Structures are given as C-alpha cells and as structure tokens.
Amino acid sequence: MKRNFLFAWYETPRGKLLKELEADYLQRAMTVSCQQTVLQIGGLGWEDDFIDCTLYKNYTILDAKGLGCGGSRKIRAKAYCLPLQSDSVDMIIVPHLLEFDSHRFKTMREVERVLKPEGLLVVLNFNPWSVWVRYQFLWDKKMADSWGGHFISRSRILDWLKLLSFEVTVSSDFYLDTVESKQGNSIAYGPNLLSTAYAIKAIKRRYNIIPLTPVKNEAPRLVLVNTLTSSAQAQNHD
C-alpha cells in the first residue's frame with residue numbers, strides 16, 4: 001500500500017484546498033458522542049485539524065505504518081485484518097485508503113464486521129473522473145512514481161455498501177472551495193468531471209428475522225346474538 005501520492009497531493013495548491021474542505025467535513029461528520037468509540041483506518045498526520053483527541057479519548061487511528069497525529073491512540077495493523085472484536089466500534093472513518101489497498105474489499109468486510117449495528121461509516125476517495133487529479137497524476141513525475149493504487153468510482157463504493165447491508169444516507173462532492181451534498185434518491189451514480197474527491201456516509205443496518213410462533217388451534221367460541229338480546233329483554237321486563 002503506497003499513499004505517497006496522497007501526501008504529495010496535499011502539498012499542491014489544490015491539495016491544500018482539498019485538505020481544508022475535508023477537515024471541515026470530517027469535523028461536521030463527527031456526530032457521535034465523546035464516550036463512543038471512533039476508528040480511523042489510515043493515518044493522515046493532520047487529524048488535529050478535525051478532531052480533539054483530548055475530548056474524544058476513544059478515538060483510535062489504525063495504520064500499517066503507525067501514521068497519525070501524536071495525541072491519538074494508534075494501532076499498527078493491516079486494514080484487511082482488523083485486530084478488533086466484532087460489533088465494537090460506533091463510527092469508522094476511511095480517508096483515502098481504499099484506493100491504495102490491494103485488499104480493499106476484504107477491508108470493507110472487516111469494516112462491516114467491527115462496526116456496531118446502526119454504526120456510522122464515512123469513506124473519502126479521490127474522484128476518478130476528476131480532470132485535475134488526472135492532470136496532476138500524469139504530469140507530475142514524482143507523484144506518478146509514488147502511485148501504487150487504483151481509482152475507485154462512487155458507483156462501485158455504493159454497490160459494495162449495498163452488498164454489505166449498509167444504507168447510504170449522504171454523498172458529497174469536494175470542489176475547489178465548496179462541498180455539495182445529496183441525500184437519498186438524489187445521490188448520483190454517474191461521473192463528475194469537476195469535483196476533486198467525494199465522500200459517502202452510510203449506516204450499518206442489521207435486519208433480524210423474527211420467528212413466527214405457531215398458533216394453537218382452539219375450538220371457536222360462538223355467542224349467539226339473539227341469546228344476548230333475549231337475556232337483556234328478560235331483565236328489562238323483570
């Protein structure tokens with residue numbers, strides 16, 4: 001897994017704008033309480049821009065090389081083999097890791113495994129149709145040599161999440177100076193040539209089958225209406 005392209009991109013003028021937008025987005029996406037467990041898969045080094053680790057003491061960064069800000073808890077492990085119990089994490093953030101993960105679908109299965117039911121997942125990826133990302137990749141020799149990943153389209157991520165029983169709630173596009181979000185049926189599957197990156201929010205759904213209890217066949221109890229009426233009339237006459 002090589003993420004040097006990502007870190008080199010953040011040093012470019014457009015990359016710095018993207019970094020600011022993503023930091024603001026992740027800060028607003030942190031809707032869980034301080035007592036809940038948050039896992040970030042793939043260290044960035046600038047987590048201080050969107051998370052206060054002194055407030056979120058259960059914030060953990062998992063990275064194969066131990067990357068991440070100094071104030072957070074860290075786990076050095078592979079993303080496709082998470083050393084965590086099933087249904088133990090309230091929120092998972094995957095920032096620009098799947099593009100550089102050769103076991104990306106295994107990683108998604110691990111994410112589904114460790115995330116609690118109704119837990120929140122946030123995925124950030126480069127937009128594979130972006131003119132600016134393609135231009136930077138093709139013309140910057142240093143960045144091209146460091147590339148060791150695979151661009152992933154939004155439609156493929158949406159298909160994976162659907163297969164893993166996630167409900168996608170919000171899809172966002174990162175432009176030069178703004179973030180546009182769409183919800184529900186308005187989420188677009190087609191390519192977007194102008195946005196640099198995209199983010200997807202999803203909730204892990206788990207539907208339990210409720211067994212049907214057998215109904216005992218009992219003899220029906222019939223009450224004749226005329227009988228009740230006759231009894232009531234007899235009492236009135238008395």
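For SER88, state whether it is farther than 16 Å from LEU26 by Cβ, small (Gly, Ala, Ser) and surrounded by 14 or more Cβ atoms within 10 Å (Cβ to Cβ). Yes: the conditions hold for SER88.
Of the residues making up segment 1-45, those that are modelled with pLDDT of 95 or more and among the aromatic types (Phe, Trp, Tyr) number 1.
Looking at LYS78, LYS57, just one residue is in contact with a Cys (Cβ under 9 Å, 6 or more places away or on another chain) and under 26 Å from GLU118 (Cα atoms), and that residue is LYS57.
When restricted to residues that are farther than 11 Å from VAL122 by Cβ and touching a Lys or Arg at 6+ places or on another chain (Cβ under 9 Å), segment 10-34 contains 2.
In the set (1) hydrophobic (A, V, I, L, M, F, W, C); (2) surrounded by 18 or more Cβ atoms within 10 Å (Cβ to Cβ); (3) more than 22 Å from SER195 (Cα to Cα), the condition left unmet by TRP9 is number (3). Within segment 24-37, which residues are crowded, with 17+ Cβ neighbours inside 10 Å and assigned to a helix (DSSP H, G or I)? Hits for segment 24-37 are TYR25, LEU26, ALA29. Residues considered: LYS116, LYS142. Of these, the only one that is within 30 Å of MET91 (Cβ to Cβ) and either modelled with pLDDT of 95 or more or more than 19 Å from the chain's Cα centre (by Cα) (or both) is LYS116. Residues in segment 52-67 that are among the aliphatic types (A, V, I, L, M) and assigned to a loop (DSSP other than H, G, I, E, B) were compared, and the one that is farthest from CYS34 (Cα to Cα) is ALA64. For segment 113-132, the criterion of a residue being over 17 Å from TRP160 (Cβ atoms), part of a helix (DSSP H, G or I) and either in contact (Cβ under 8 Å) with a residue 24 or more places away in the chain or β-branched (Val, Ile, Thr) (or both) is satisfied by at least one position. The residues in segment 91-112 that are surrounded by fewer than 20 Cβ atoms within 10 Å (Cβ to Cβ) and part of a loop (DSSP other than H, G, I, E, B) can be counted, and the count is 2.
Taking the numbered list (1) in contact with a helix residue (DSSP H, G or I) (Cβ under 6 Å, 6 or more places away or on another chain); (2) farther than 18 Å from LYS201 by Cβ in turn, LEU44 passes all entries but (1).
The values are calculated or read from the model by the stated rules, or taken from the named source; none is laboratory data. Remember, predicted model here, so these are calculated numbers, not experimental data. All Cβ positions, even for glycine, are placed from backbone atoms using ideal geometry, and neighbour counts span all protein chains on display.
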